[in-house]
Structures are given as C-alpha cells and as structure tokens.
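Asks: Below is the structure I would like to discuss, written out as structure tokens.
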Amino acid sequence: MNKHMRSFLNTAGALALSLSVVTGPALAFEPDKPVEFVIMAGQGGGADKMARLIQSIIEKENLASRPLIPVNKPGGSGAEALTYMNSVSDPDHTVMVTLNSFFTTPLRQPGLGVDIMKFAPVGRMAEDTFLLWVHKDEGIKTFDEFVTAAKDRGREWVMGGTGKAAEDEIITDYLNNNYGLEIKYVPYKGGGEVAKQLAGRQITSSVNNPSEALGFYQSGDLIPLVAFTAERLPLFPEVPTLNEVGGNFVYSMQRAVVGPPGMSKEALAYYTDLFKKAYDTADWQTYKTKQSLMGNFMAGDDLSQYWSEQRVRHEAILKASGAIK
Amino acid sequence: MDILFALMDGIVVAMQPTNLGLAIAGVLVGLFVGAMPGLGSVNGVAILLPFTFVIQEFTGSATSPMIFLAAIYYGAMYGGAISSITLGIPGASTAVATTFDGRPMALAGRADRALVIAALASFVGGTISNILFTAFAPPLASVALKFGDPEIFALMLLAFATFIGLGGDDIPKTIFSICFGLVLASVGFDIVSGEPRLVFFDISGFSHGIRFLVLAIGVYGIGEMMWTMMSSQSHSAMSYVKITRQGLIAACREFASAWRGTAIGSFLGFFVGLLPAAGATPGSLMAYGVAKLTARDPKSFGKGNPDGISAPESANNAASTGAMLPMMTLGIPGSPTTAVLLAGMVIWGLQPGPLLFSSQPDFVWPLIGSFYISNVVAVLVNLAFIPVFVWMLRMPFTILAPVIFVLSLIGTFAAYQDMFDVWLMVLFGFGALLLRKLDYPLAPAVLAIVLGPIAEPKLRQSLLFSDGDFSIFFTRPIAGPITIVALILILLPIVKFALAHIRPAKR
C-alpha cells in the first residue's frame with residue numbers, strides 16, 4: 001500500500017470517526033490506525049474470500065472508524081501467520097482469519113512455540129463443511145460404489161486436497177483407516193485448484209468445501225457423494241451424510257477471527273462487537289447461505305471452550321493417523 | 001456469428017457513460033500503480049476492492065465494478081513498462097523483462113522509441129489475446145483442464161531451457177546464476193511437507209520466502225544504478241530526448257520491425273496466462289527468452305533490441321487476458337491479481353464456473369467488451385503521456401540516481417510493508433553489483449526465483465502421483481513431447497560448449 005492511499009484511507013477513516021462519535025455510543029476502545037487483517041491462507045481461497053468480503057462489508061456499512069487492511073500470510077499451512085501473530089508489535093491493531101490449521105499446525109510443529117489458548121477469541125463467523133466429490137465420468141453415484149471402486153484401484157485412487165496434514169488429509173486418513181482403502185493423498189495450494197484438478201480428471205476424488213466445487217457442481221461435472229456433517233446441507237438436500245450411510249464421522253472447519261496473544265480486554269470487546277455487527281448484515285447472511293456455510297456466531301469464553309475441545313479432538317485424530325506421536 | 005453479436009452488445013454496454021468513465025478511471029489508477037515500483041496490479045485491485053461495493057450499489061450491476069478492476073489490471077500492465085524503461089527499476093514484477101532491453105535503449109538516448117514500442121506492443125498483445133478469448137473461450141478452458149501437474153512442470157522445464165539462451169555465451173556462469181536463483185526460491189515454508197527451509201538464524205523474515213520483487217528491485221534498481229554510476233554510461237543518461245512527429249513515426253516503424261517479438265509475446269503470453277498458477281510475470285519472461293532464442297542476432301539482446309521490448313510487453317498484456325479465462329470459466333485464478341478479482345466476483349454474488357457464460361451473459365459480454373475498450377483507452381493515455389515520462393530522463397544523473405535509490409526503498413517497503421525486505425533488497429543490490437563486475441548474468445537468477453516456486457510443487461506432486469517414477473514426464477501425451485524438447489534445448493548448448501572447449505571451433 002502506498003503512502004497516498006494510506007493518507008486517503010486515514011482521512012476517510014477520520015471522517016467516519018467524527019460521524020460515529022455523533023451517532024453511535026462511545027466504546028472504551030477505538031483503533032487509532034488502520035487494522036491489519038491477517039489471512040492464514042493464500043489469495044483466492046475460502047479464507048481469503050471471506051476476509052475480503054468482511055472488509056468490504058465493514059467499509060460499506062461504515063462499521064469501523066479505521067479500515068481493515070488484508071495481508072496474506074500463507075506459508076507452512078498457517079505456521080507463518082501463527083508465528084507472526086505470536087510476536088506482533090501492536091496486538092490491539094491486528095486480527096486474523098483462521099482455518100483448522102489453527103489447531104493442527106501448532107500440534108504438528110511444537111517448535112513454533114504457539115499456544116492457541118492464549119489467542120483472543122474475537123468471533124466465529126461460520127463453520128465450513130466438507131463433501132466427498134467425484135467426476136461424473138467415474139460413473140459413481142453412491143458412497144458404497146465409491147468404497148468398492150476405491151478398494152479395487154488401491155494406490156491408483158488419488159485424493160487431492162489443500163495442505164499437509166490439514167483438514168482434507170484428516171478426512172482422507174479417516175476413509176483409509178475405516179474402510180480398508182489405500183487412497184493416495186496429493187496436496188495442492190488451494191481448494192479451487194483441487195476442484196480444477198478433479199474437473200480435468202487429473203485426480204480421482206476430493207473433499208472440497210461446497211464453495212470451492214460449486215461451479216463444477218452446477219455444471220454437472222462434479223458429483224457429491226456424502227457430506228461430513230451432522231445433518232444434510234440445505235444446498236445439497238439429496239446428498240446423505242456419512243453417518244446415514246453407516247459411518248461415524250462429522251468434521252467441519254472453523255471460519256473464525258482471532259486476536260493475537262496480549263490483545264487488551266477493551267480491544268477484544270471492540271472487535272467482537274465489530275464482527276458481530278458484520279455477521280448480522282444481510283450481505284454476510286446471503287453469502288453464508290450461498291456458500292453453504294453453517295454455524296452461528298460464537299465469541300468469548302464459548303469460543304475458547306470450542307477451541308479447547310477442537311484441539312483435544314485434533315490431537316486424537318493426528319495421533320491416530322500417525323502424523324504426531 | 002452469435003459470438004459477434006454478443007460481443008457487439010457487450011461493447012455497447014461497455015461504452016455507456018458510467019462504464020466508460022470507470023474504464024478510464026481504472027486505466028489511470030492502473031498506470032499509476034503499475035509505474036510505481038513495488039506496487040503492482042495486485043495491490044491496486046486489492047486496495048480498491050471494497051470501493052467496488054459502492055459502485056455496485058450505485059449502478060446496480062456486477063458488471064461496472066468488474067470493468068473498473070479489469071481496467072486497473074490492464075493499465076498496470078502498460079504502466080509497468082514506464083519505470084522499467086525510464087528509471088531501470090521494474091515498476092511491477094510483470095515488467096522485469098522489459099528492463100532487459102528497455103533500459104539500455106533509454107541510456108542510448110532512445111527512451112521515446114522504447115516507450116512507444118512498449119505501448120504499441122501492449123496494445124497489440126492485449127487485442128490479439130482478446131480476440132482469442134472471445135472466439136475460443138470454452139474450448140480453451142478444456143485445454144487448461146488437460147494440463148495437470150506433469151504438463152505444467154514440463155512447460156516450466158522448457159522455460160528453464162530458454163534460460164540457457166538468456167545468459168550470453170558463458171554457460172557455466174548461467175547455470176550458476178540459475179542455481180543461485182533456485183536456492184533463493186526454496187527459502188521459506190515447503191508446501192508439500194509444511195517444514196521451514198533455509199530460515200537463516202531463525203529470522204522470521206525468511207519464513208515467508210524471498211520475494212521475487214525484493215530480488216528484482218535490488219538487482220535492477222540498486223545494482224544497475226551503481227553499475228551505471230561506475231561506468232561511463234551515466235553521461236548518456238543525460239542525453240536530451242526531444243519528441244517530434246518524425247521521431248514518433250520512426251518509433252512506429254521500429255515497432256513494426258519488431259513484429260516477431262510482438263507475435264511471440266502475444267501468443268505465448270496468452271497461452272501461459274491460460275494455465276492456472278502461472279500469470280503475466282512468467283509469461284513475459286518466457287516470451288523474452290523465446291524471442292532471444294529464436295532471434296537471428298541473439299547477441300544484440302540486452303543491448304537495446306526492440307524485439308526485447310515488444311516480446312515481454314505484448315506477453316504481459318496477453319497473459320493478463322489469458323488469466324481471466326480460467327478465472328471466469330473454471331473459477332481458478334491464473335495469477336495473483338485474478339485471485340483477487342475472483343474473490344470480488346463471489347462477493348458481488350456471481351458464481352464463476354463452466355456455467356458463467358451461459359447463465360450470466362449480461363455480465364460476461366460487457367466485461368469482454370470492456371477489455372477491448374480498456375486497451376484502446378490505455379494505449380491512447382500512455383502515448384499522450386510519453387513526453388512527460390521522457391522529461392524525467394532529462395534530469396541529470398546526479399539527481400536521478402538518488403531518486404531511483406529512494407524509489408527502490410519505498411517500493412520494496414510498499415509491496416509488503418516489511419523492513420526486513422528493504423534490507424534484503426539493499427543486500428541483493430550490492431551482491432548484484434559484485435556479480436556483475438565478475439561478469440555473471442543476473443537475468444537467469446531473476447527468472448529462477450519466479451519459476452522455481454511454480455515448478456517445484458508441480459515436480460513433487462507429479463512424483464507423488466507416480467510414486468517417485470520420473471517416467472511420468474515422458475509417457476503422458478502432452479507432457480512427453482514438451483519434456484523432450486526442453487531436454488534437447490538444455491543439452492544442445494552444453495554439448496556445443498563442451499565441444500568448443502575440447503577442440504577450438506573451426507573457422
């Protein structure tokens with residue numbers, strides 16, 4: 001961002017501030033400079049789209065006195081972003097959009113020295129869901145047919161996914177361990193690229209989020225077989241959950257905003273309020289429905305509680321698959 | 001014919017006052033962010049994305065904000081050449097290849113010619129790729145789908161093969177330079193295993209990897225500037241360039257004579273842009289490499305050859321159109337900028353994918369129409385401003401050098417807001433000067449740091465598929481031939497070099 005732009009945004013921010021003093025109730029904390037909005041993933045993925053949408057909503061609805069500036073830190077399945085947040089110089093002017101790598105990466109790499117329970121629980125905006133996808137030319141219509149076909153082909157069956165030992169590989173490991181399969185897992189940079197690889201039949205299946213595969217689902221190229229959710233998804237009413245077809249596995253991904261360790265109580269209250277307002281806007285609710293995002297807003301102790309449960313669960317999952325000792 | 005009618009309708013919508021105004025505004029913003037070192041189309045598009053919400057509110061359609069952002073993308077492709085030529089600092093990563101010949105031409109007192117060639121080549125590249133886009137979008141999308149990991153790796157190998165031709169005659173020094181670039185490219189977190197690599201002294205700045213722009217600005221901003229100061233060339237930088245009608249006509253003629261570079265750039269750039277994960281920077285660098293490799297006088301490249309400007313400049317514009325194709329038809333961004341555009345489309349409520357063309361014609365065709373309009377606007381604005389850009393060159397080098405130095409520092413910081421990058425950039429600048437004094441070619445290192453991060457994951461993903469068997473690169477119908485051609489290109493000069501050293505070449 002150049003200086004021009006920054007001073008322009010500052011002036012715009014100052015104007016907005018003077019307005020909000022007149023109209024809104026004064027909060028104990030107000031940012032006095034633009035807020036850095038760290039994205040734990042690369043450009044164009046689910047987390048990135050969500051962060052840029054929230055940034056746009058906050059500017060459009062004039063919810064904040066200072067703008068959010070998105071910064072992508074995709075390195076090492078979130079390791080780059082987590083270590084950055086751990087030592088950030090101004091914890092009251094930095095927030096981050098997280099994925100489940102928020103749980104898995106610190107478990108896999110204890111050397112990073114990241115304790116997620118020290119992060120500030122700003123707000124969970126949604127939970128993303130997972131489905132099992134195959135190409136229509138595979139001729140597979142049900143989960144049972146998938147299991148039979150994957151068993152037949154052994155190591156020839158390739159699952160594409162995002163990142164190493166992250167969400168997609170966790171689901172793949174579950175399928176391999178519980179159905180006697182030998183699916184090969186190949187990691188890619190983003191969910192969109194995985195969907196494209198499947199549409200071009202470079203890989204055999206994927207466990208994309210709905211938003212990543214939606215375009216190819218609508219064109220009929222990709223077919224969802226099961227959802228890894230507790231209930232059927234409103235966008236895919238004909239697709240059974242894994243539990244309905246005899247499995248016992250529910251897996252979702254948090255789309256949450258967190259603050260760095262050391263964020264002040266006042267700042268935390270401010271950001272929770274800000275993101276709750278963004279959550280309640282019509283734009284966010286429409287986006288949530290269209291992208292098949294689930295889950296309600298969650299913040300504070302509830303969110304911390306959720307994190308500690310998720311961490312225990314992921315530790316068990318990673319241990320079972322042998323990713324950690 | 002249907003396509004022609006749809007396009008005509010689209011152009012009419014794109015010419016409506018609001019949309020035309022947005023296209024002009026977008027081109028101006030793009031020229032600015034493109035010309036400012038460190039800022040590129042990604043920054044411009046990302047910064048203004050929230051603003052497009054307001055445009056959408058105002059016009060009630062998703063087309064207008066998209067026209068605005070696409071115009072920024074195009075404008076930046078034109079703008080990048082300006083600072084590459086006049087100051088020798090690449091304005092954006094997409095314009096690095098333009099410095100190779102643009103800067104020497106400017107130093108020889110022909111900056112006006114270089115700028116005209118760059119603008120016209122950009123226009124031709126953009127327009128040719130627009131026509132290809134309009135006519136063949138759906139079949140080309142299925143071609144892009146056929147390119148799996150082994151195919152993309154084979155293509156990257158081919159690009160590396162053209163490097164060998166980039167470094168002049170000294171093959172060992174070229175190979176050293178490539179390897180140096182590849183080592184720099186491997187710093188940071190590894191995508192396949194997730195482990196940190198070469199994070200020296202645990203400095204957190206290394207964990208995000210060494211950014212291409214940091215190396216490029218260091219080498220071309222700081223390194224070249226000091227080299228110019230130390231050599232006698234600094235006197236010629238003061239040479240007085242006057243814009244005359246005759247001069248412009250001569251420049252146009254020179255552009256026409258550089259048609260080969262334009263043709264290579266337009267088609268190769270478009271094709272590389274089509275492939276997900278590539279984008280305009282590799283497109284322009286590969287076009288430069290191929291233009292040089294196939295030239296009758298490869299030795300004149302790097303010394304102000306017009307083909308060396310027209311190839312990368314037509315390629316970066318062609319690639320930016322090419323990258324729109326997978327974004328719109330497959331929902332896969334072909335470049336960092338289209339990734340942000342893709343996020344924008346989803347935010348405005350559109351679903352990119354195979355059905356976009358049939359389900360959203362009211363969005364698609366005016367947008368394609370605006371590509372044509374933006375290109376016309378951009379070339380006109382650019383040509384009109386050339387006297388202003390040339391005026392910058394009239395500054396004595398004693399003033400220009402500190403300006404370049406300051407712009408390099410600011411530009412590096414502006415790109416990622418990280419002071420570590422600034423120090424690294426200065427370090428690279430001095431390193432580049434040293435290597436230059438020892439006669440090492442630096443362009444191959446810059447190319448390696450761009451293509452390395454694309455090639456490496458593709459190599460490893462391919463080998464995961466084949467359980468470590470390299471035959472996967474030879475047995476697949478598309479990857480096989482490309483790999484073989486690349487290997488021949490790599491081995492040929494090495495064999496020649498070895499032969500020449502075993503027994504002196506006959507006269």
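Derivation of every value follows stated rules applied to the coordinates shown; laboratory data play no part. Since the structure is predicted, the reported quantities are computational estimates derived from the model, not experimental observations. A quick note on method: Cβ atoms are made from the backbone with ideal geometry, for glycine too, and the neighbour counts reach across all protein chains shown.
Asks: What's the angle, to the nearest 10 degrees (0 to 90), between helix A:265-280's Cα axis and the longest principal axis of chain A?
Replies: 60 degrees
Asks: With r defined as the distance between the Cβ atoms of A:Lys118 and B:Val54 and R0 fixed at 35 Å, what FRET efficiency is calculated, to the nearest 0.05?
Replies: Details: r = 38 Å, r/R0 = 1.09.
My answer for the efficiency is 0.35.
Asks: Between B:Ile484 and B:Leu383, 0.36 nm times their residue separation minus their Cα-Cα distance comes to what?
Replies: Working: separation 101, 0.36 × 101 = 36.36 nm, distance 4.30 nm.
So the extension gain works out to 32.1 nm.
Asks: Pop a pseudo-label 7 angstrom from the Cα along the beta-carbon direction at both A:Lys277 and B:Ile131 and give the gap in nm to one decimal.
Replies: Taking the simple label geometry, A:Lys277 and B:Ile131 are separated by 5.3 nm.
Asks: Still on this structure, I have one more. Please give, to one decimal in nm, the separation of the simple spin-label points placed at B:His501 and B:Ala250, each 7 Å out from Cα toward the Cβ.
Replies: Taking the two extended label points, one gets 4.3 nm.
Asks: Here's a follow-up. What do the square roots of 5 times the Cα gyration tensor eigenvalues come to for chain A, in whole Å, largest first, as semi-axes of the equivalent ellipsoid?
Replies: Ellipsoid semi-axes (Å, largest first): 37, 21, 17.
Asks: Then there's this: Net charge near A:Ala269: determine it from the other residues with C-beta under 14 Å of the C-beta of A:Ala269, scoring Lys and Arg +1 and Asp and Glu -1.
Replies: On the way: positive: A:Lys265, A:Lys276, A:Lys277; negative: A:Glu30, A:Asp92, A:Glu266, A:Asp273, A:Asp301.
Neighbourhood net charge equals -2.
Asks: Using θ = phi - 60° and the Karplus relation 6.51 cos²θ - 1.76 cosθ + 1.60, list the HN-Hα couplings for segment A:239-249 in order, rounded to whole Hz, with x at every Gly or Pro.
Replies: So the Karplus estimates, Gly and Pro as x, are 8, x, 7, 4, 5, 5, 9, x, x, 8, 7 Hz.
Asks: Relative to the longest principal Cα axis of chain A, at what angle does helix A:46-60 sit, 0 to 90 degrees, rounded to 10?
Replies: Once rounded, one gets 30 degrees.
Asks: Run a plain Debye calculation on segment B:365-507 (Cα atoms as equal point scatterers, no solvent) and give log10 I(q)/I(0) at q = 0.10 Å⁻¹, rounded to two decimals, same order as the q list.
Replies: -0.81
Asks: Rg (Å, one decimal) plus Dmax (Å, integer) for the alpha carbons of chain B?
Replies: 22.1, 74
Asks: Now for a different question. Just want to confirm a number: the relative contact order over chain B, from Cα pairs under 8 angstrom separated by 6+ residues, in percent.
Replies: Working: 967 pairs, mean separation 140.4, N = 507.
Answer for chain B is 28 percent.
Asks: Taking θ as phi - 60°, what are the ³J(HN,Hα) couplings along segment A:213-220 by the Karplus curve (6.51, -1.76, 1.60), each to the nearest whole Hz, with x for Gly and Pro?
Replies: 10, 4, x, 6, 5, 5, 7, x
Asks: I've got another one for you. What translational diffusion coefficient, in µm²/s and rounded to a whole number, does the Stokes-Einstein relation yield for segment B:1-88 at 37 °C and a viscosity of 0.692 mPa s, taking the hydrodynamic radius as the Kirkwood radius over Cα pairs?
Replies: On the way: Rh = 13.6 Å.
Estimated via Stokes-Einstein, D reaches 241 µm²/s.
Asks: Between B:Asp190 and residues 5 or more places away or on another chain, which pairs have amide H atoms under 5 Å apart, with H built 1.01 Å from N, and which residues are they?
Replies: B:Glu195, B:Arg197
Asks: Another question, if that's okay. What distance in nm separates the simple spin-label points at B:Arg296 and B:Leu4, each placed 7 Å from Cα in the Cβ direction?
Replies: 3.7 nm
Asks: Continuing with this model, one more query. Looking at the P(r) of segment A:169-325, how many percent of alpha-carbon pairs lie beyond 24 Å?
Replies: Numbers: 5836 of 12246 pairs.
Of the Cα pairs, 48 percent sit more than 24 Å apart.
Asks: While we're here: Please turn the phi angles of segment B:180-185 into ³J(HN,Hα) values with the Karplus equation 6.51 cos²θ - 1.76 cosθ + 1.60 (θ = phi - 60°), one per residue in order, whole Hz, x for glycine and proline.
Replies: 4, x, 5, 5, 4, 5
Asks: Still on this structure, I have one more. Kindly provide the pair-distance distribution of the protein assembly as shown built from C-alpha pairs, with 20 Å bins from 0 and whole-percent values in order of increasing distance.
Replies: P(r) for the protein assembly as shown, in whole percents per bin: 16, 49, 31, 4, 0.
Asks: Whose amide H sits under 5 Å from the amide H of B:Ser466, counting only residues 5 or more places off or on another chain, with H placed in the peptide plane?
Replies: The answer is none.
Asks: Separate question: Regarding segment A:131-227, what are the three Cα extents along the principal axes, ordered largest first, in Å?
Replies: The principal-axis extents, from largest down, are 32, 29, 22 Å.
Asks: Would you mind calculating the gained length between B:Ile399 and B:Asp469 on full extension (0.36 nm times residue separation, minus the Cα-Cα distance), in nm to one decimal?
Replies: Working: separation 70, 0.36 × 70 = 25.20 nm, distance 5.75 nm.
Using 0.36 nm per residue and subtracting the Cα-Cα distance, I get 19.5 nm.
Asks: Which links in A:Lys60/A:Lys276; A:Lys33/A:Lys276; A:Lys164/B:Lys458; A:Lys73/A:Lys189; A:Lys73/A:Lys290 stretch past 24 Å when you go from one Cα to the other?
Replies: Values: A:Lys60/A:Lys276 15 Å; A:Lys33/A:Lys276 21 Å; A:Lys164/B:Lys458 15 Å; A:Lys73/A:Lys189 13 Å; A:Lys73/A:Lys290 27 Å.
The pairs that break the limit, which is 24 Å between Cα atoms, are A:Lys73/A:Lys290.
Asks: Full-extension gain between A:Lys290 and A:Phe249, please, as 0.36 nm times their residue separation minus the C-alpha to C-alpha distance. Show your work: numbers first, answer last.
Replies: Values: separation 41, 0.36 × 41 = 14.76 nm, distance 2.45 nm.
Using 0.36 nm per residue and subtracting the Cα-Cα distance, I get 12.3 nm.
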